[in-house]
1. For each of 22, 55, 71, count neighbouring Cβ atoms within 10 Å of the residue's Cβ, then give the residues from fewest to most.
2. If we count other beta carbons within 10 Å of each Cβ, what is the order of 43, 54, 75, 84, fewest first?
3. Do you know the relative contact order of region 1-137, to the nearest whole percent, from alpha carbon pairs under 8 angstrom that are 6+ apart?
4. Exposure proxy check: 108, 103, 48 ranked by fewest other beta carbons within 10 Å?
5. Suppose the chain between residue 44 and residue 123 were pulled fully straight at 0.36 nm per residue; how much longer would it get relative to their current alpha carbon spacing?
6. Can you tell me the mean projection area, over all orientations, of the convex hull of region 2-141's alpha carbons? Units nm², please.
């Protein structure tokens, strides 16, 4: 069991922070099954005002677009590369390079979308029970594209009503 925190590298409209919980069951030294649940920050990124400034006035309001809320993933991991490293010649640390493949769902706005994940990472063990891991993961899903269609800010217009009286 573990907690995680993450940073999205390519989302210009939403704050890139995410975090959640990992539950892992190891079938053997090298194969594992993992369930990941996470939530995303609901804030806009610092780039939204800059992007909106380049758009024609009153055409789009990017803060009204759908935002990722949470994800749930089931993943298989392969830890087949195990190394040892000694920095000070006094202790030996175990390294484990792993790959994982997963399928799950991501909630964006009010809808859920099928998602696939692919990852590569490294674990550094301090002792038998504690370690730290670094991952680079790709999350792939087909969801709404906020920039593909305008999110128009509607203006109410008064239409005068005239009565024809005889």
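Just so it is clear, none of the values below were taken in a lab; they were calculated from the coordinates. Just so we're clear, the structure is a prediction, and the values are computed from it rather than from any experiment. Here the Cβ is made from the backbone with ideal geometry for all residues, glycine too, and neighbour counts use every protein chain on show.
1. The fewest-first ordering by Cβ neighbours comes to 55, 22, 71.
2. Taking fewest neighbouring Cβ atoms as first place, the list is 54, 84, 43, 75.
3. Reported as a whole number, the value is 17 percent.
4. 103, 48, 108
5. Extending this stretch completely gives an extra 25.2 nm.
6. Taking the Cα atoms of region 2-141, their convex hull projects to 10.4 nm² on average.
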